[in-house]
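Undergrad: Following this message is one structure expressed as structure tokens.
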């Protein structure tokens with residue numbers, strides 16, 4: 001285990017870099033200046049791309065070459081999509097998908 | 001005001017479920033690594049980035065150098081630059097609450113405010129602040145509970161992290177249904193998958209962000225033409 005001072009310094013560094021990344025765009029494209037057209041455009045369409053990227057990001061460590069070959073993720077993910085298309089109830093889709101996934105990895109795909 | 005509170009509460013319910021569970025998981029991991037409740041609280045207050053807090057615990061236990069910690073944070077959290085870029089305009093004129101809005105722009109908060117619109121015409125400034133405050137409160141409550149109960153908990157929480165994946169999938173589906181212009185969504189998924197294959201799971205985020213931005217800029221004319229045919233993106 002690290003020394004306490006070093007651990008505090010680590011937490012501070014992580015917090016500072018995280019904030020830097022969050023604040024940077026707002027500092028560069030300040031409040032007063034008019035937002036460049038290209039940033040305006042990206043602001044409108046990036047959300048769609050980012051959400052796709054986030055889904056991939058969540059599943060990045062799933063291995064398709066080793067058991068269980070991403071089968072639990074595939075089944076649970078598909079259930080969330082279908083349930084959501086059917087009922088459009090966010091809580092239900094997330095709750096059912098997560099419970100299904102937990103059951104699968106704890107009981108079936110050990 | 002009351003109506004805005006209710007709407008923000010309703011919209012953040014899925015995040016409440018996810019954050020309490022994931023915050024709980026973080027609290028437990030933190031506690032078991034030998035970092036008690038004050039550590040969990042400080043990290044959830046000042047770092048407030050879900051996956052990065054999990055990574056921070058492993059940085060602490062593995063004795064990483066400060067440079068390594070800084071670089072890891074840059075890699076894991078670079079996607080926040082994206083959120084900033086797409087919120088620059090929407091958060092204009094937010095006054096004194098703006099620094100907090102920016103600080104608290106996590107993946108999940110972003111997914112609830114990224115449309116820049118609010119349901120039923122409530123004020124976006126108030127709505128986005130409430131969503132941000134509620135979400136961080138859930139996260140803090142979850143991590144405190146995890147830290148307190150962590151040493152006692154015996155039940156198996158394996159797989160509970162899928163809640164966040166499920167949240168992003170539902171937002172993705174909502175966005176998909178809100179527009180006929182699927183080019184940005186398809187670009188997002190396919191280019192991220194491509195980069196994942198090419199660069200591996202540790203290093204794919206930054207190349208994905210660069211490729212996605214480049215592709216959006218290259219296909220700008222096509223995307224904007226499509227975009228005019230329907231309304232603004234909306235997420236639920």
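The values are calculated or read from the model by the stated rules, or taken from the named source; none is laboratory data. Because the structure is a prediction, the values reported are computed rather than measured. Positions of Cβ are backbone-derived with ideal geometry, glycine not excepted, and every protein chain shown enters the neighbour counts.
Undergrad: Hey, does the stretch B:125-145 have a residue that's closer than 29 Å to residue A:103 by Cα, more than 14 Å from chain A (Cβ to nearest Cβ) and over 19 Å from the mean Cα position of the chain (by Cα)?
TA: yes
Undergrad: Would it be correct to say that residue B:134 is part of a helix (DSSP H, G or I), closer than 24 Å to residue A:74 by Cα and not assigned by TED's automatic domain parsing to the domain that holds residue B:205?
TA: Numbers: part of a helix (DSSP H, G or I): yes; closer than 24 Å to residue A:74 by Cα: no; not assigned by TED's automatic domain parsing to the domain that holds residue B:205: yes.
It is false that residue B:134 is part of a helix (DSSP H, G or I), closer than 24 Å to residue A:74 by Cα and not assigned by TED's automatic domain parsing to the domain that holds residue B:205.
Undergrad: While we're here: Give me a count of the residues in the stretch B:87-100 that are surrounded by fewer than 23 Cβ atoms within 10 Å (Cβ to Cβ) and not in a loop (DSSP other than H, G, I, E, B).
TA: Matching residues across the stretch B:87-100 total 6.
Undergrad: Right, next: For the stretch A:74-95, how many residues are farther than 15 Å from residue B:172 by Cβ and either part of a helix (DSSP H, G or I) or modelled with pLDDT of 95 or more (or both)?
TA: Number of matching residues: 7.
Undergrad: More than 7 Å from chain B (Cβ to nearest Cβ) and in contact (Cβ under 8 Å) with a residue 24 or more places away in the chain: is that true of residue A:5 in this structure?
TA: no
Undergrad: Could you run through the stretch B:177-192 and say how many residues are in contact with a helix residue (DSSP H, G or I) (Cβ under 6 Å, 6 or more places away or on another chain) and either part of a helix (DSSP H, G or I) or at positive phi (or both)?
TA: Residues flagged as in contact with a helix residue (DSSP H, G or I) (Cβ under 6 Å, 6 or more places away or on another chain) and either part of a helix (DSSP H, G or I) or at positive phi (or both) within the stretch B:177-192 amount to 8.
Undergrad: Can I ask one more? For residue B:67, only one of the following conditions fails: (1) in contact (Cβ under 8 Å) with a residue 12 or more places away in the chain; (2) more than 8 Å from chain A (Cβ to nearest Cβ). What is its number?
TA: (1)
Undergrad: If you don't mind, another one. Select from the stretch A:59-83 the residues that are buried (at least 21 other Cβ atoms within 10 Å of the Cβ) and at the interface with chain B (Cβ under 7 Å from one of its Cβ atoms) and list them in ascending order.
TA: Correct list: A:76, A:77, A:80.
Undergrad: Filter the stretch B:37-51 down to residues that are crowded, with 19+ Cβ neighbours inside 10 Å and at pLDDT 90 or above, then give me how many there are.
TA: Looking only at that region, the number is 7.
Undergrad: So residue B:202 ticks every box in (1) more than 8 Å from chain A (Cβ to nearest Cβ); (2) part of a helix (DSSP H, G or I); (3) modelled with pLDDT under 90 but one. Which box is left unticked?
TA: Condition (2) is where residue B:202 drops out.
Undergrad: I need the full set of residues from the stretch B:146-165 which are assigned to a helix (DSSP H, G or I) and under 20 Å from residue B:52 (Cβ atoms), in order please.
TA: B:146, B:147, B:162, B:163, B:164, B:165
Results for (1) part of a helix (DSSP H, G or I); (2) surrounded by 20 or more Cβ atoms within 10 Å (Cβ to Cβ); (3) more than 7 Å from every other protein chain (Cβ to nearest Cβ), shown as yes or no for each residue.
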| residue | (1), (2), (3) |
| --- | --- |
| A:17 | yes, yes, no |
| A:21 | yes, yes, no |
| A:24 | yes, no, no |
| A:30 | no, no, yes |
| A:43 | yes, yes, no |
| A:46 | yes, yes, no |
| A:50 | yes, yes, no |
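Undergrad: Filter the stretch B:171-193 down to the residues that are modelled with pLDDT under 90 and closer than 17 Å to residue A:92 by Cα, then identify the one that is surrounded by the fewest Cβ atoms within 10 Å (Cβ to Cβ).
TA: In this case the residue turns out to be B:174.
Undergrad: Could you check the stretch B:146-170 and list, in sequence order, the residues that are crowded, with 17+ Cβ neighbours inside 10 Å and either at the interface with chain A (Cβ under 7 Å from one of its Cβ atoms) or closer than 19 Å to residue B:10 by Cβ (or both)?
TA: B:159, B:160, B:162, B:163, B:164, B:165, B:166, B:167, B:168, B:169, B:170
Undergrad: Would you check if there is a residue in the stretch A:46-59 being under 21 Å from the mean Cα position of the chain (by Cα) and more than 26 Å from residue B:185 (Cβ to Cβ)?
TA: The answer is no, given that none of the residues of the stretch A:46-59 is under 21 Å from the mean Cα position of the chain (by Cα) and more than 26 Å from residue B:185 (Cβ to Cβ).
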